[in-house]
1. What translational D, rounded to a whole number of µm²/s, comes out for region 351-407 from Stokes-Einstein when the hydrodynamic radius is the Kirkwood one over Cα pairs, at 25 °C and 0.890 mPa s?
2. Ranked highest first by average number of other Cβ atoms within 10 Å, how do 272-285, 222-235 line up?
3. For region 246-403, what class follows from the C-alpha gyration tensor (a ≥ b ≥ c being the square roots of its eigenvalues): rounded when a/c is under 1.5, otherwise prolate if a/b is larger than b/c, else oblate?
4. If you look at just the Cα atoms of region 235-294, how large are its Rg and its Dmax in Å?
5. With r defined as the distance between the Cβ atoms of residue 391 and residue 368 and R0 fixed at 25 Å, what FRET efficiency is calculated, to the nearest 0.05?
6. Which order do 85, 107 fall in if you start with the one that has the fewest other Cβ atoms within 10 Å?
7. Could you give the length gained by full extension between residue 357 and residue 219, i.e. 0.36 nm per residue of separation minus their alpha carbon distance, to one decimal place?
8. Mind checking the full-extension length gain between residue 254 and residue 274? Use 0.36 nm per residue of separation minus the Cα-Cα distance, one decimal, nm.
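Quick note: the coordinates plus some simple rules give every number you see, no bench work behind them. For clarity, every value in this text was computed on a predicted model and none was experimentally measured. No Cβ is skipped: glycine too gets one built from the backbone with ideal geometry, and neighbour counts run over all protein chains shown.
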Amino acid sequence: MAHDEIIDHYSALARAAGAGRAVTGCGRHAFEQGGFGAAGHGELGALPGGAVRAALGCGDPVDVAALRRGEVVLDLGSGGGIDVLLSARRVGPEGKVYGLDAGAGTLMPARRDAEQAGARNVEFLHGTIERVPLPDRSVDVVVSNCLINLSGDKAAVPAEAFRVLRPGGRFGVSDVVVDGEPDAARRAAAERRIGCAAGALPVGEYRELLAAAGFTGVRITLTADHGDGVHSAILRAAKPEAPPEVEIRPMRDSDADQVLAIYQAGLDTGHASFETIAPSWEGFTAARLPRLRYVACDTGTGQVLGWVAASAVSSRCVYAGVVEHSVYVHPGCQAQGIGRALLAVLIAASEDAGVWTIQSGVFGENTASLALHQALGFRVVGTRERIGCHRGVWRDVLLIERRSSRSPSKGRLP
């Protein structure tokens, strides 16, 4: 089914619900057996009948997202508006909820139901989930109910969610995913049966897309089993916390000049590394893991203020969960919490990737770096005395490491 056909299909269902016709016969028992509908929600009292009838979700993202009063929420693919209205209750009059839908036919009944419910803190927007018509860093929480699986450009959806979220913002959705490697024909039949016209993502691929967008703390929990490896699931993730007027995001090739300039400034202090000249960008990227490198940027100017990155310590499989890292902050931006925020993001992303040990070497004279690392759970495990000659002086290096609180897994690095 093409994108326009999907929009027309769900718009027609919304109009039917608004006209009083049932568009799903899914009660609680059917929902628990893998059906879709309003029975996935626990707070339906006093909601307009049209919003309840139009519910075609596979869970309760409002509950998943743990909404708080005063927050700004965006519902991707709001349809009949049931999750918008439930969210509006949770955030209260001091909060706000945006409902975004590509079907013009769904917006009019959704707005009517919101007015009937007396929800004055909601606004419905016409647009696609791949190109959200909201400014950067304008919402606290993104929710969605069984809609992302219908997108024809699934990588764009988490990227847009990350863009519109403020630092520390949350991503909490219900969706349909594929677990394992079922027979392709049987999987396709299961997807057609439950309405995933554009195809559900495998769990591992969903994790990769969220990580690539910049999310950490990714958790995917399978719920209803639709057969042949197709499941409903709840997905949680977060945009990294950051100091005021700062955003932390994945490092890009366009950051090359600024990243290397900050690197060189650190080397020039004489206390960052045995190296004296920053490598080429090609050398820098070749030596570092693509999913474990981030920059901190000024939200007003886009200037890179610092970076963190990790490298594999060995190609031997026994060390698959061990990485070595570096964190550098622009000399004019130190003592502002940027290094701490970057290191916290690396730790969270490493946990997601199955890393069990993060390690590095620090000159003993670099007391600020040692204090930062110890504050975030690193410990000194030993000293390599006179290990190298740096600018004519033989220097000691303190070995530091942080062990994951989780049990080591067999997962591979990104």
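1. Numbers: Rh = 12.4 Å.
D = 198 µm²/s.
2. Details: 272-285: 14.1, 222-235: 19.9.
My ranking of the peptides, most packed first, is 222-235, 272-285.
3. On the way: a/c = 1.40, a/b = 1.14, b/c = 1.23.
Because its axes are fairly even, with a/c under 1.5, region 246-403 counts as rounded.
4. According to the Cα coordinates of region 235-294, Rg and Dmax are 13.9, 45 Å.
5. On the way: r = 20 Å, r/R0 = 0.79.
With R0 = 25 Å, the Cβ-Cβ based efficiency is 0.80.
6. Working: 85 29, 107 21.
Going from sparsest to densest Cβ surroundings: 107, 85.
7. Values: separation 138, 0.36 × 138 = 49.68 nm, distance 2.04 nm.
So the extension gain works out to 47.6 nm.
8. Details: separation 20, 0.36 × 20 = 7.20 nm, distance 2.67 nm.
Full extension of this stretch gives 4.5 nm more.
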